[in-house]
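The values are calculated or read from the model by the stated rules, or taken from the named source; none is laboratory data. Computed from a predicted model, the values in this text were never measured in an experiment. For neighbour counting, all protein chains shown are included, and Cβ atoms are generated from backbone atoms with ideal geometry for every residue, glycine included. Accessible surface is based on the protein model in full, side chains and every heavy atom, while ligands, DNA and RNA are left aside. Shrake-Rupley method; radii C 1.70, N 1.55, O 1.52, S 1.80 Å.
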Amino acid sequence: MTNKRFAVFDSDSHVVETPELWSKYLDPEFRTLGKFALWREEGKLGSYLKVNGKVFRDTMNSNIPRHAIWKPGMTWDKVGELDPQTRHAATAGASNAEARLRDMDAMGIDQSLLYPTWFAEGFHLVEDPDVAYALARAYNDWIADFCKAAPDRLFAASMVPLQNIDFAVEELRRTAKIPCFRAAFIRPMFLEGHYFTHPIYDPLWAELESLGTTVAVHPAVGMWNPEWTSHGPFFEKINTRLHHRSFTTAEGGGPAAGGGSDIAFGFTASPPLGHPIAQIIAPWLDNHMFVASTLIGFTVMQRYPNMKMVVAHGKASWMEEVLEKMEASTRTIPLLHYYPVRTDTEEMWEEGKIMLGFDAEERLIQKLPDDFAEKIVWGSRYPHHDTTSANDAIAMLTDARVEDATIARMLGGNASDQFGIELVQKAGV
């Protein structure tokens, strides 16, 4: 373990929820309904996510749990070389706090903000508000206990039952009193047919600003969603249909023609690329739409100027384009809206307390670090298959001749300010 020159905060890492969340933490009167509304089954021969009683089976190779496959010492090439015919165990640190801390040490990470996995994918689709509220409480109690293993190192984004804004406000107030919660999780997607531009969410923004709770916006690939809720399912529908018609089972194709079952979307053709494209394209587009439509277009930034937010996982370089295009739109198109829209979008962005998640592979940030340094926080994506360590990030940015002070800000200082966490240097001690 090398001696780091500064503390590192991982602003985008994940836990994988365990069955005891449902069996132990969920209120007894909701355990049957809760497992009907949202449940992850990890079988020996296949896995699925259940949402509102409907089963959506995994469409990728179940032998490689890509949501929790990375371990310290692995490279992307090593992940790509895994034998798909062999069953690979999920990373222990995805669900075990002590194993997580050991992995953080090996990665050069001092502190982490934890996001969900299966709750990120399916929770916002739960239809029953009462069950959603019970599930949110269960998740938040479960992750709070997870963080107790190292209260100065592990922090969490709380689950918010947006199915009922009264419930959401109540749960925000409850979790605000629990030390580990430094953010509230929101997935950028359509909910019950409307988006976050709907006025129904104004009390949510007001409460978050009042409590001083950071909004943690994080997309999910959405491989199990109805196709209109976010970008991911739409892209996978396109991906599957890139085959020639003769490759689909509807046209008589079978295994010899490359067919494979895609139950989640109701058709039967395997992706021609051999892997999903949603994870490549969808996250930044989901974030792009949230920032452009909700924060700028719906004036959330200017109406709630003290609300802090991190928009994670979808990279950061695209923000330059958003500001440029939004400025042209707000100045040239008469926007009929509930509220007057500012036309100086770049100035508004600089004033706002919004930051974007980035990874050290972003070439534009390596080339123009000063353009982004004040507005980004680093995330590893642990334990996903495309995880990178803090040691990797420091090496990449150092090789790009980014100054130490700027790297320290990108990998720790900004997150400390945004989440209200005192940095501590623990990794490798």
Being farther than 15 Å from Gly73 by Cα, of a type in the set (Gly, Ala, Ser) and touching a helix residue (DSSP H, G or I) at 6+ places or on another chain (Cβ under 8 Å) is the filter; apply it to the range 354-385 and report the residue that is surrounded by the fewest Cβ atoms within 10 Å (Cβ to Cβ). Ala373
Restricting attention to the range 365-393, the residues that are closer than 30 Å to Glu17 by Cα and in a helix (DSSP H, G or I) number exactly 4
So in the range 153-179, with the set limited to residues that are open to solvent by 10 Å² or more (accessible area, probe 1.4 Å) and β-branched (Val, Ile, Thr), which one is nearest to Ile200 (Cα to Cα)? Ile165
Pick from the range 22-60, criterion touching a strand residue (DSSP E or B) at 6+ places or on another chain (Cβ under 7 Å) and hydroxyl-bearing (Ser, Thr, Tyr), ranking: least open to solvent (accessible area, probe 1.4 Å): Ser47
List the residue pairs whose Cβ atoms are under 9 Å apart, where the first residue sits in the range 84-100 and is at positive phi, the second is surrounded by fewer than 20 Cβ atoms within 10 Å (Cβ to Cβ), and the two are 6 or more positions apart or on different chains. none
Index of the failed condition, Ala106 passing every other in (1) open to solvent by less than 10 Å² (accessible area, probe 1.4 Å); (2) in contact (Cβ under 8 Å) with a residue 40 or more places away in the chain; (3) of a type in the set (Gly, Ala, Ser): (1)
Checking Phe185 against (1) assigned to a loop (DSSP other than H, G, I, E, B); (2) under 15 Å from the mean Cα position of the chain (by Cα); (3) of a type outside the set (A, V, I, L, M), which single condition isn't satisfied? (1)
Out of (1) in contact with a strand residue (DSSP E or B) (Cβ under 6 Å, 6 or more places away or on another chain); (2) in contact (Cβ under 8 Å) with a residue 24 or more places away in the chain; (3) hydroxyl-bearing (Ser, Thr, Tyr); (4) open to solvent by 10 Å² or more (accessible area, probe 1.4 Å), the odd one out for Ser112 is which? (4)
Give just the number: which of (1) outside any strand (DSSP E or B); (2) open to solvent by less than 10 Å² (accessible area, probe 1.4 Å); (3) at pLDDT 85 or above does His313 not satisfy? (2)
Candidates Thr398, Thr388 - the one that is of a type in the set (Ser, Thr, Tyr), out of contact with any Ser or Thr (no Cβ under 9 Å at 6 or more places or on another chain) and surrounded by fewer than 23 Cβ atoms within 10 Å (Cβ to Cβ): Thr398
In the range 118-149, what count of residues is obtained for those that are open to solvent by 10 Å² or more (accessible area, probe 1.4 Å) and not in a helix (DSSP H, G or I)? 4
